[in-house]
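Colleague: What follows is a single structure, and I will ask about it in a moment.
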Number of protein chains: 2
Amino acid sequence: MDGSSSVDILISEVGPRDGLQSISTILDADRKCQWIQAEAAAGVREIEVGSFVSPKLLPQLADTAEVVAFARQIPGLTVAVLVPNLRGALGALAAGAHKLTLPLSVSETHSLKNVNRTHLQMLDEARGIAAAIRELPATDRPKFEGGLSTAFGCTLEGQISERKVVELAVALIEAGCDEVGLSDTTGYGNPRQVKALTQAIWREIGEERLTGIHLHNTRGQGLANVMAALDVGLTTIDASLGGMGGCPFAPGASGNIVTEDLVYLLEAMGLRTGIDLNQLLAVRRKVDQWLPAKDMHGFVAHAGLPRGFSSPTLTPGAGNPATAQ
Amino acid sequence: MDGSSSVDILISEVGPRDGLQSISTILDADRKCQWIQAEAAAGVREIEVGSFVSPKLLPQLADTAEVVAFARQIPGLTVAVLVPNLRGALGALAAGAHKLTLPLSVSETHSLKNVNRTHLQMLDEARGIAAAIRELPATDRPKFEGGLSTAFGCTLEGQISERKVVELAVALIEAGCDEVGLSDTTGYGNPRQVKALTQAIWREIGEERLTGIHLHNTRGQGLANVMAALDVGLTTIDASLGGMGGCPFAPGASGNIVTEDLVYLLEAMGLRTGIDLNQLLAVRRKVDQWLPAKDMHGFVAHAGLPRGFSSPTLTPGAGNPATAQ
């Protein structure tokens, strides 16, 4: 269940949750499961398969419990879900998800607009979820992450102070989260900020409690920010097939990092993702057929792989001579 | 005439050359001059304004001499041009360009296809150009750059050996170039390669003879590669307004780095480009009106600047508190 073994960077695919919640097309559970199974077969080790949120709010994700039940059967796959509150978390625990993420928006204005909760109310939810997890037998307990949304700035509040982000990271850990994640909900982040914010949080809660980052590509800075994430030493990076998604509640925000383009970046540099890029591109083509063309983005799928390109994954046991240093 | 003073990173705008040579719309000299003047007014200090190439091959650039004559009058602007051979260089010298770039494709297959010249023939051209420049009075001599095209790989030959790139860099300097530039014509480059190739060339010809890089965004890796360029210490980065252009002779290659997105990246990190981003976005809107929508790309122009965003350029004398470390 630990998706990070034998890879240098763990890519956490968020398309079935963050992607599908942002578009109007509804994929049925069968197609979602086909998608998840195909990406897992391509080597993706962690997938956020849905969200336990009100079906009235996001009918696209109403079948998340069914999808979790399917995805749990895939060997080696960490099945992650988003939960907006304790009620959602109880659904996730009942379904048997391996990882729960509770997003907490560092911008309280955004938090109120997004989930109608203050910071204190969200921390109460976190405590309730941690307590519910502790009631499970030790072997059944999922990982519980607090996601620091709008950590890099907010379309409503503008700049967000680093101090505020660090305070809430500490508060989430104290409330019982196993770890926190950094999220550039609005696509405001820049590489220096990625490093500075990561290091500031690490100083307070330790490196093992912040390993992942969720970056948006709203201003085309996604992979530049990934470079900073790699440089500072983060090891889990969220991405979405075809760049689908982004936060629909933050005006002007759109566009996740494109999984295919990210895998290409990492593998070209000789960093192991465990993902077969050709297989991943085939999954994209499959999912692309189910959705309107406007919903999928990215470059590698259109440009193709370089002539003679090989990655450690594609040629097992061998590094890429073009990139070996 | 030294565009690099008082900035941390010199952005060399290549849209009027690399952009316009790749699209079917022909802008008349008056519009090109309006574009160049507006970008210079926004703070861009170096612009590649055209190419002295056969008007039969690229009618879009047939008026380059006229454009150079205009651009030369703009205070503080370095007027760069591309020259495919000695003949073109003589035209550039007569027009009074400040900087000449002779592209030499490290892939000899690409060189033959692109300009029908072997490496030895291109080095002869370089020697001829250097000799022609030496005949000018010292104060009138332009800078002469050898551009190492397809340095990161070739759509025809595939991988390009680092040794070959270094050899040709040395040969260009020996032929009389003041400096060389690295060019990812095909969008094959990755960040590790940017660093490794730069350092390998520096070891042979010294850091002062390689300061700039021309990156394509064909696979969405442009700004990730910029991060590596900044990290290794390159100080001049080519970009194109709206990402227009790319090499039309390399199948599958398209898309320069988007100037607006690059300026945003650098200024957000607190690196001075000297460019007023709001003014630059206004230039883009102006040029955009003259061209079909499909020719302009990029993110920042669509997403807008973050709420409360300020850059050192926009607030003279002050750094950006959000990014200061």
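Colleague: Check every one of the strands (runs of 3 or more DSSP E) wholly within segment A:10-129 and list those with 2 or more residues that are β-branched (Val, Ile, Thr).
Modeller: Filter on segment A:10-129 gives A:46-51, A:78-82.
Colleague: Of the residues in segment A:146-161, how many are part of a loop (DSSP other than H, G, I, E, B), under 20 Å from the mean Cα position of the chain (by Cα) and among the hydroxyl-bearing types (Ser, Thr, Tyr)?
Modeller: So the answer is 1.
Colleague: Here's a follow-up. When you look at A:Ser107, is it at pLDDT 95 or above, surrounded by 17 or more Cβ atoms within 10 Å (Cβ to Cβ) and in contact with a Cys (Cβ under 6 Å, 6 or more places away or on another chain), yes or no?
Modeller: Yes; evaluated as a whole, the condition is true for this residue.
Colleague: Among the residues of segment A:130-145, which ones are among the hydroxyl-bearing types (Ser, Thr, Tyr) and not in a helix (DSSP H, G or I)?
Modeller: Hits for segment A:130-145: nothing passes.
Colleague: From the list B:Gly206, B:Gly181, exactly one residue is small (Gly, Ala, Ser) and either closer than 15 Å to B:Val106 by Cα or in contact with a Phe, Trp or Tyr (Cβ under 6 Å, 6 or more places away or on another chain) (or both). Which is it?
Modeller: B:Gly181
Colleague: Out of all the residues in segment B:235-251, is one or more at pLDDT below 95 and within 24 Å of A:Ala228 (Cβ to Cβ)?
Modeller: yes
Colleague: Can you tell me which residues in segment B:218-237 are more than 8 Å from chain A (Cβ to nearest Cβ) and assigned to a loop (DSSP other than H, G, I, E, B)?
Modeller: B:Gly233, B:Leu234, B:Thr235
Colleague: Conditions: (1) within 14 Å of another protein chain (Cβ to nearest Cβ); (2) touching a strand residue (DSSP E or B) at 6+ places or on another chain (Cβ under 9 Å); (3) modelled with pLDDT of 90 or more. A:Ile275 meets all but one. Number of the miss?
Modeller: Condition not satisfied by A:Ile275: (1).
Colleague: What's the number of the condition A:Glu174 fails, among (1) within 24 Å of A:Arg45 (Cα to Cα); (2) more than 13 Å from chain B (Cβ to nearest Cβ)?
Modeller: Status for A:Glu174: all satisfied but (1).
Colleague: If you don't mind, there's one more thing I want to ask. Specify which of the listed residues (B:Leu10, B:Leu100, B:Leu61, B:Leu27) is in contact with a strand residue (DSSP E or B) (Cβ under 7 Å, 6 or more places away or on another chain) and within 26 Å of B:Asp276 (Cα to Cα).
Modeller: B:Leu10
Colleague: Would you mention how many residues in segment B:279-305 are without any contact (Cβ under 8 Å) to a residue 40 or more places away in the chain and more than 10 Å from chain A (Cβ to nearest Cβ)?
Modeller: 5
Colleague: Are any residues in segment A:110-142 within 30 Å of A:Thr155 (Cα to Cα) and small (Gly, Ala, Ser), and if so, which ones?
Modeller: A:Ser111, A:Ala126, A:Gly128
Colleague: Let me ask something else about it. Six or more apart or on different chains, Cβ under 7 Å: which pairs go from a residue in segment B:140-157 that's within 11 Å of chain A (Cβ to nearest Cβ) to one that's among the acidic types (Asp, Glu)? Could you list them?
Modeller: Close Cβ pairs (under 7 Å, with a partner that is among the acidic types (Asp, Glu)) amount to B:Phe152/B:Asp184.
Colleague: Mind checking whether some residue in segment A:47-69 is polar (S, T, N, Q) and surrounded by fewer than 18 Cβ atoms within 10 Å (Cβ to Cβ)?
Modeller: yes
Colleague: Just to be sure before I move on: is B:Thr323 in contact with a helix residue (DSSP H, G or I) (Cβ under 6 Å, 6 or more places away or on another chain) and at pLDDT below 90 in the structure I sent?
Modeller: yes
Colleague: Also, I was wondering about something else. Which residue, of A:Ala175, A:Ala131, is crowded, with 18+ Cβ neighbours inside 10 Å and under 25 Å from A:Val53 (Cβ atoms)?
Modeller: A:Ala175
Colleague: To continue, here is another question. Return the residue satisfying two criteria in turn: it lies in segment B:185-208 and is of a type in the set (Gly, Ala, Ser) and crowded, with 24+ Cβ neighbours inside 10 Å, and of such residues it is farthest from the other protein chains (Cβ to nearest Cβ).
Modeller: B:Gly189
The values are calculated or read from the model by the stated rules, or taken from the named source; none is laboratory data. Small disclaimer: the values here were computed from a predicted structure and weren't measured. Glycine also receives a Cβ, built like all others from the backbone with ideal geometry; neighbour counts cover every protein chain displayed.
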